[in-house]
Structures are given as structure tokens and as C-alpha cells.
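This is the structure I want to talk about, given as C-alpha cells.
Nothing in this text is a laboratory measurement; each read-out follows from the coordinates by a stated rule. All values reported here derive from a predicted model rather than from experimental measurement. Every residue, glycine among them, receives a Cβ derived from its backbone with ideal geometry; neighbour counts consider all protein chains shown.
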Amino acid sequence: MNTAFLEHFAALPQEGPSFLAAMRRDALARFTAHGFPTPRNEDWHFTSPAPIVESSFEPMRPMAAPIDRSAIAPWMAGSDEWPLLVFVNGRFAPSLSSTASLPVGVRAMSLASALLEEPTLVERYLGRVASFNEQAFAFVALNTALMRDGSVIHVARDTRVSRPLHMLFLTDDAADGGVTHPRNLVVVDRNAEVSLIEQYASLAGGRSLTNAVTEAVLDDGATLRHYRLQRENMRAFHTGHVDARLARDAHYHSFSFATGAELSRINIYATLGGEGSGATLNGLYMLDDVQHCDHQTRIEHARPNCYSRELYKGILDGASHGVFNGKVYVHAEAQKTDGKQTNNTLLLSERARIDTKPQLEIFADDVKCTHGATVGRLDALSAFYMRSRGITAATTRRLLTYAFAAEVLETIELEPLRTALEALTLARYAGE
Amino acid sequence: MLTIDGLRATAGDREILRGITMSVAAGEVHAIMGPNGSGKSTLAQVLAGHPGYEVTGGTVEYDGRDLLAMEPEERAHAGIFLAFQYPVEIPGVSNAYFLRTAFNEIRKARGEEEIDPMDFLDVMAERLKLVDMDEAMLQRSVNSGFSGGEKKRNEILQMAVLEPRLAILDETDSGLDIDALRVVADGVNALRRPENATIVVTHYQRLLNYIVPDYVHVLANGRIVKSGGKELALDLEARGYDWLIDEPRTAGAGA
Ligand SMILES: Nc1ncnc2c1ncn2[C@@H]1O[C@H](COP(=O)(O)OP(=O)(O)OP(=O)(O)O)[C@@H](O)[C@H]1O
Ligand SMILES: [Mg+2]
């Protein structure tokens with residue numbers, strides 16, 4: 001048992017509403033009871049949290065020095081004009097944030113201030129979506145016990161926002177050896193529509209752990225487009241959990257873009273809890289060297305007439321290791337479920353490895369659920385065709401790699417973000 | 001410009017080219033004809049540097065350089081262009097981006113300045129006209145979902161943009177309707193220069209009415225069994241290949 005986190009808990013300032021204190025204690029008790037998952041835990045079969053556990057991270061130190069806006073320019077992901085919430089080392093950084101341009105009907109604030117200003121909203125939803133009552137969710141339990149800050153977004157009924165809201169989580173020079181537990185809550189009311197970018201990045205090269213949880217609640221007819229970017233430095237550890245709960249006719253579109261961190265585990269969960277709702281979970285992970293990145297998706301079809309679509313693509317170079325585990329759970333009453341899952345992997349090196357595992361549990365009889373996985377290498381004929389046009393071997397590899405990813409990048413509806421991620425994809429394997 | 005001497009090549013353990021000798025001088029057009037499976041495409045691909053074939057004998061000299069020692073892209077930089085018999089589809093890379101990348105990489109290799117996307121569009125507009133292609137095709141993925149004829153036109157468009165010194169056209173005429181054939185042939189002719197040369201692989205005399213060859217070679221079973229002037233193509237049209245092939249087609253193959 002790792003006692004460092006218990007010490008972190010003991011050191012937490014006694015503040016915030018009483019419901020939170022009770023929830024923290026509960027979460028810590030679960031964590032203490034279950035401990036960290038081992039490879040025997042089916043959900044963690046291919047990813048060992050041992051390197052994280054053995055690192056004995058300390059509570060995160062505050063920002064080392066004030067950060068200039070120009071220092072965060074590389075992380076703007078499409079536009080610096082979008083409303084922006086910046087967090088440095090886990091704490092809200094108002095001087096780097098800009099929420100003045102938020103449209104009427106949208107509120108965005110830090111969790112720390114929401115606990116003071118909007119305790120009712122927070123109490124109503126926080127911790128109600130992301131379950132932590134299993135060993136597999138040890139990191140969710142830890143986050144729940146130790147959360148300090150994050151963002152709270154509320155979109156009022158019938159509000160349709162065209163510009164996305166960007167939540168940017170940065171770590172700096174002081175972050176080496178520290179852990180943060182960012183906690184986000186997104187509430188989209190009836191028939192409202194919003195796009196969010198949730199991005200994790202590093203301003204320095206130290207090793208830290210980001211253990212993030214995002215809960216999203218979508219009321220009837222609501223739409224949430226959620227772009228999650230994990231671009232932390234190559235020594236970072238990252239555990240992330242996203243849990244969305246959908247009511248009738250709600251739509252959740254998730255895109256997980258993961259290129260950073262030495263070791264990362266990202267869960268994207270959605271519960272289709274209302275008839276006619278649907279989830280699209282897409283993703284692209286690009287790894288190199290000794291990077292390990294594990295995506296687990298889980299779609300729970302709890303009601304009839306819902307759809308789910310999943311397309312995850314992985315590009316693996318060096319001695320990297322990718323994991324994709326796509327779970328689809330169809331309840332007995334969820335008739336007419338329409339589900340499709342695809343995982344395609346491109347191996348750029350002999351040493352790279354992918355473990356891909358679809359996992360369908362279907363208890364209804366009138367459903368359409370398909371899944372498929374492919375693992376391949378760059379096509380030799382395409383490569384020859386390009387080189388015969390004068391394109392060098394290195395550029396050919398880069399272009400064909402990009403071409404592999406293009407299909408999933410095209411699903412990003414937010415054009416400036418798509419363009420930015422396309423450029424990042426083209427540049428990802430430029431050094432060969 | 002190009003001197004092929006005793007060229008032999010295998011795929012797997014099968015010998016496909018069994019000693020090809022021919023030479024092409026600047027300004028010339030050579031036609032290569034011959035039955036299916038005789039090795040025409042293999043010869044074309046070996047000249048372009050296809051890594052799937054192993055050269056087991058002979059030499060190829062291009063502008064005084066050892067062509068066989070060059071990477072495929074170096075051959076392109078030196079002015080060689082192969083219009084593929086079966087152009088390759090590359091979903092996810094737009095035709096425009098592909099062409100601009102190729103164009104710029106060739107310029108870079110020659111120590112010339114790269115062209116910016118705006119100026120490149122002007123180059124493209126002009127070349128599109130040459131092959132009578134719609135601009136919309138530029139935004140589509142390379143050859144992806146193109147019809148057979150569109151793919152062939154796209155090859156000629158690439159050729160028109162890259163302006164090779166030695167163009168090798170592998171059955172660019174097959175699958176083209178008669179109007180498209182004329183467009184493609186006009187395109188090829190418009191690009192002819194005294195300092196350039198063209199090798200045309202075809203089954204049909206009709207293309208040679210438009211692109212008139214100086215020499216015609218007949219390839220059978222991995223060897224050139226006859227060479228002649230443009231009249232040879234007419235002969236072949238009338239008489240077929242049998243009279244030229246003195247050994248059974250499969251003899252020696254795979255041995
Ligand atoms: N990579 C390969 N592996 C094995 N056999 C091959 C390979 N490439 C070509 N061949 C064989 O070599 C022979 C010559 O093929 P090639 O494509 O050069 O013929 P061709 O003269 O172009 O024919 P066509 O007129 O049908 O286009 C054929 O029998 C073909 O099956
Ligand atoms: Mg052929």
C-alpha cells in the first residue's frame with residue numbers, strides 16, 4: 001500500500017463545503033480498501049501503474065514564477081481568441097485566462113471558486129457520474145479524495161455556443177516530482193450545445209503525474225463536443241478519466257488526441273441513459289520511443305434506440321506500446337442499439353506493440369453491434385509511388401503516416417482545431 | 001541519355017527480365033510492345049527503382065550515371081518519371097498537396113527555391129488545362145475513387161507538373177476513351193522537347209498514331225525479340241506476336 005497519498009490527504013487544507021469533505025473521506029476509504037490495480041485486474045491487464053506508484057509523487061508545488069502569455073502561445077490549439085481557462089500546476093491562473101468573451105448562458109469558473117459561489121450546482125453533480133467504487137478506478141478515487149481545482153462549466157438551457165471553450169492544464173519548472181488531480185464538471189442543460197477543448201501540456205521537462213477526472217452531464221437534447229488533448233512532456237505520467245451521462249436525445253462527441261507522456265492511461269466513458277441519445281468516441285494516439293498509452297472506452301447502452309460510434313487510430317514508432325480496450329455494454333432493455341467500433345493501428349517499427357481488445361457484452365436481442373481491428377504497416381507500393389515522384393523517403397513516411405490518421409482527424413468538426421491537429425500529426429514523426 | 005545493357009531482374013525467385021539491351025537518345029520516342037506478361041511493366045518499374053525487383057545482371061546508365069545505384073527519388077530528381085499502369089490510391093493525401101510536395105522536393109534536390117502554395121496554384125491551373133482536368137480533382141485524395149481514365153489523366157498531370165527529361169508511360173492509353181486518348185497524347189506531345197525522351201509501353205497501334213515513335217521494340221519472355229521503326233507497330237497490329245516468338249512463352253520462366 002502506498003502511504004504517500006494518505007499523507008497528501010492528511011495535509012489537505014480543511015476547507016470547502018461539508019458534502020465535499022464527506023465525499024473525500026468516502027473516496028479515500030475506497031482507495032485504501034482496494035489499493036492500486038495490478039495486472040491481474042482485467043481493466044489494467046496491459047498497463048501497470050507500478051511506475052506511478054513507485055515514484056512517490058509529492059503534492060504539487062505552486063507555479064515557480066509568473067508565466068508570460070507568449071509562453072502559452074504554442075498551446076492555443078487553433079485560436080487564442082477562444083475563452084480560455086488556464087491552470088498551472090493544478091491551480092487556476094486568472095492572469096492567463098480570459099473568460100470575458102463568454103456568451104450569455106455560459107458560465108465557466110474554477111472549481112475552487114465554484115465551491116464557494118455555486119455550491120448547489122457542484123453538490124448536485126460532482127462525484128455523481130464518475131464512480132470510484134472498484135479497484136480499477138483507484139485513480140478516480142484518488143482524484144476525488146485529493147482534488148483541489150479544475151473547471152466548472154455550465155451551459156444554460158437552449159444556449160448554443162459556436163466558439164469553443166478551452167481549458168488548458170499546464171505544469172512548469174516547479175512541477176517535477178509533483179502530482180495534480182484536476183477535476184472538471186461540465187453541465188449542459190436541455191437543448192444546449194457547446195464545444196470544449198481540455199488540454200494537458202508541459203512547459204518544462206520534469207516528471208509529474210496528472211490524474212484528471214472530467215464529469216459531463218447532458219440533459220435532454222443537449223450536445224457536447226469534447227476534444228481532449230494529452231500533450232505532456234515525454235517523462236510525464238498521465239491518468240485521465242472522462243465520464244459522460246446522457247439524457248434523452250443528447251449527443252456526446254469525444255475526441256482523444258494523445259501524443260505526450262511516457263505512461264498514460266485514458267478512460268473515456270459514456271452512459272446512454274436516455275432514449276435516442278448517442279455517443280461518438282474517436283481518437284488518435286501517436287507514440288514513439290518507450291511511450292505507453294492505454295485508452296479504455298466504455299459505452300453503456302442503458303436505453304433503447306441509441307447509437308454509438310467509435311474510431312480509434314494509433315500510430316506506434318520506436319519501442320512504444322499502445323493499448324486500446326473498447327467496451328460496449330448493452331442492457332437488456334436497450335433494444336435497437338446501433339453500435340460500431342473500429343481500432344486501426346499503424347506500426348512504424350518492428351519493436352512497437354499494440355494490444356487491442358474489443359469487449360462487447362450484449363443482453364438485448366434486437367441490436368446491431370459491430371467491431372473491427374486492423375494492424376498494419378506502411379504500404380510499400382504507396383511509398384514507391386511517392387518516391388518515384390521525387391518525394392524523399394523521410395517525407396514519404398511522414399505523408400503516409402499522416403494519411404493513415406487523416407480519416408479520424410476529418411471527424412473533428414471544429415475547423416481551426418482540426419487544422420492545428422493535422423499540422424501536429426504531420427510534424428509528429430518529422431525527425432526520422 | 002539512357003543505355004540499358006543486358007538487364008536481368010527477378011521477383012522472388014522468378015526471372016522476369018532476361019537480358020534487355022536498348023538505348024534511348026535525347027529527342028527520341030521509343031515504343032515497347034509485347035504480349036501480356038512479357039515484362040514490359042517490370043522493365044518500366046525497374047527503371048523507376050521499384051524495390052520489389054532484384055536486378056541480377058546488366059547495367060543501366062542514365063546521363064552518365066549508374067541508374068541502378070540511385071534511390072527512386074534520386075531518379076525522379078534526375079528527371080525520370082514513370083506513369084504507372086496501375087496508379088496507386090493514397091487516401092488522406094490531397095492531390096494538390098502531393099503534387100506540390102513532389103514539385104518542391106525536386107526543386108530542393110536541384111538547389112532551386114521552393115514555390116509557395118499560391119504560385120503553385122498558377123502552375124497547376126495551366127497544367128490542368130493541358131490534360132483537360134477539373135480543378136476539383138486537386139482537392140481529392142490522390143487517385144482515390146478516381147475512374148480508370150481519371151487515374152491515367154492524373155498521371156499525365158503529374159508528368160506535366162514535374163516536367164521530366166525521360167518519361168516512361170506504361171499503358172497510359174489503356175482504359176481511355178478516344179477523346180481522352182487524344183487529350184493525353186496531345187499533353188504528351190506538348191511536353192516533348194529536343195532534350196527530352198519518351199518511352200511508351202502500349203498494346204495498341206492507335207496511340208502511336210498520336211505519339212509517333214522513332215523506334216518500336218517487341219518484348220517477349222523478358223527479352224527484346226525485335227526492334228524496328230514505326231512500321232513495326234503496324235505489322236504487329238496485323239500479324240500479332242506469334243511470328244516473333246520462337247520459344248514457348250513459359251519456357252525458362254521460374255527455372
Ligand atoms: N512482384 C512480382 N512477383 C512475382 N511475379 C511478378 C511480379 N511482378 C511481375 N511478375 C510476373 O512477371 C511477368 C511480367 O509482368 P509484367 O507486369 O512486367 O508484364 P507486362 O508485360 O507489363 O504485362 P501486361 O501487358 O499484362 O501489362 C508476369 O508473369 C507477372 O506475373
Ligand atoms: Mg504491364
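Relative contact order for region A:285-381 using alpha-carbon pairs under 8 Å, separation at least 6, rounded to a whole percent? Each step should come with its number before you reach the end.
On the way: 258 pairs, mean separation 29.7, N = 97.
Taking the mean separation of contacting Cα pairs over the length of region A:285-381, I get 31 percent.
Exposure proxy check: B:Met33, B:Met1 ranked by fewest other beta carbons within 10 Å? Spell out each step's value before the answer.
Values: B:Met33 25, B:Met1 18.
Least crowded to most crowded, the residues run B:Met1, B:Met33.
Can you give the alpha-carbon Rg of region B:76-145 over 2.2 N^0.38 Å, where N counts its residues?
Details: Rg = 12.7 Å, N = 70, 2.2 N^0.38 = 11.1 Å.
Compared with the compact-globule rule of thumb, region B:76-145 sits at 1.14.
Based on other C-beta atoms within 10 Å, arrange A:Cys369, A:Cys306, A:Cys293 from fewest to most.
Least crowded to most crowded, the residues run A:Cys369, A:Cys293, A:Cys306.
Can you tell me the convex hull volume per residue for the protein assembly as shown, based on C-alpha atoms, in Å³ to the nearest whole number? Provide the component values of the computation, followed by the final result.
Working: hull volume 129.6 nm³, N = 687.
Value for the protein assembly as shown: 189 Å³ per residue.
Restricting to DSSP H runs of at least four residues, report the calculated mean residue ellipticity at 222 nm for chain B, -39500 (n - 2.57) per run over all residues, nearest 500 deg cm²/dmol. All intermediate terms of the calculation are to be shown ahead of the outcome.
Working: 8 runs with 87 residues, N = 255.
Using -39500 (n - 2.57) per qualifying helix, the result is -10500 deg cm²/dmol.
Sticking with this one: For chain B, set up a GNM with springs between Cα atoms under 10 Å and report which of B:Ala31, B:Ala102, B:Ala125 has the largest fluctuation.
Evaluated over chain B, the most mobile residue of the options is B:Ala125.
Quick one: order B:Ile115, A:Ile299 by neighbouring beta-carbon count within 10 Å, fewest to most. List each step's numbers first, then the result.
Values: B:Ile115 15, A:Ile299 31.
With the sparsest Cβ surroundings first, the list reads B:Ile115, A:Ile299.
Which value in deg cm²/dmol, rounded to the nearest 500, describes the helix-derived mean residue ellipticity at 222 nm for chain A, given -39,500 (n - 2.57) per DSSP H run of n ≥ 4 and division by the residue count? Let's see the in-between values first.
Working: 9 runs with 92 residues, N = 432.
That calculation yields -6500 deg cm²/dmol at 222 nm.
With the alpha-carbon atoms as the only input, what is the per residue convex hull volume for region B:1-92 in Å³? Walk me through the numbers before you get to the answer.
Numbers: hull volume 11.1 nm³, N = 92.
About 120 Å³ per residue, rounded to a whole number.
List every DSSP H helix in chain A whose Cα atoms extend 18 Å or more along the helix's own long axis and whose mean Kyte-Doolittle hydropathy is at least 0.5.
What comes out of the filter, once short or polar helices are dropped, is A:393-409.
Compute for region B:104-255: radius of gyration divided by Kirkwood radius, i.e. Rg/Rh, restricted to C-alpha atoms, rounded to two decimals.
Working: Rg = 18.5 Å, Rh = 17.7 Å.
Reported Rg/Rh, Kirkwood definition of Rh: 1.04.
Also, I was wondering about something else. Using Cα-Cα distances under 8 Å and only pairs 6 or more residues apart, what relative contact order does chain B have, in percent? Intermediate values should be presented prior to the final figure.
Details: 446 pairs, mean separation 70.8, N = 255.
It comes to 28 percent, rounded to a whole number.
Additional query: Based on the inverse mean of 1/r over its pairs of different Cα atoms, what is the Kirkwood hydrodynamic radius of region A:1-117, in Å?
Details: mean 1/r = 0.0558 Å⁻¹.
Taking every pair of different Cα atoms in region A:1-117, averaging 1/r and inverting gives 17.9 Å.
Any idea what the relative contact order of chain A is, in percent, if you count C-alpha pairs under 8 Å spaced at least 6 apart?
Values: 1122 pairs, mean separation 44.1, N = 432.
The value is 10 percent.
Next question, about the same structure. Please identify every one of the trypsin sites (Lys or Arg not before Pro) in region B:46-117 that sits in a loop by DSSP and has no more than 12 other beta carbons within 10 Å of its own beta carbon.
B:Arg110
If you don't mind, there's one more thing I want to ask. Compute the Rg/Rh shape ratio of region A:4-272: radius of gyration over Kirkwood radius, all on alpha-carbon atoms.
Ratio of gyration radius to Kirkwood radius for region A:4-272: 0.94.
Still on this structure, I have one more. 5 Å is the cut-off here: which amide hydrogens, built 1.01 Å from N in the peptide plane, fall below it relative to B:Ile80, excluding neighbours closer than 5 in sequence?
When sequence neighbours closer than 5 places are left aside, the close amide H contacts are B:Arg165, B:Leu166.
If you average 1/r over all unlike Cα pairs in region A:24-74 and invert the result, what Kirkwood radius do you get in angstrom? Don't skip to the answer; put the middle values down first.
Working: mean 1/r = 0.0684 Å⁻¹.
Hydrodynamic radius (Kirkwood, Cα pairs) of region A:24-74 is 14.6 Å.
If you don't mind, another one. Would you compute, for the Cα atoms of chain B, the largest minus smallest coordinate along each principal axis and list the three values in descending order, in whole Å?
Sorted largest first, the three principal extents are 57, 39, 35 Å.
Shifting gears a bit: Average partner chain C-beta neighbours within 10 Å, per residue of B:83-90? Intermediate values should be presented prior to the final figure.
Numbers: counts 1, 4, 0, 2, 1, 8, 4, 10.
Per residue, the average neighbour count from other chains is 4.
What per residue convex hull volume, in Å³, comes out for region A:369-417 when only alpha-carbon positions are used?
Taking only Cα atoms, region A:369-417 has a hull volume of 113 Å³ per residue.
Another question, if that's okay. Report the number of Lys pairs in the protein assembly as shown whose alpha-carbons are under 12 Å apart, with separation of 8 or more residues or on distinct chains.
Working: A:Lys327/A:Lys340; A:Lys327/A:Lys357; A:Lys336/A:Lys368; A:Lys340/A:Lys368.
Summing the qualifying lysine pairs gives 4.
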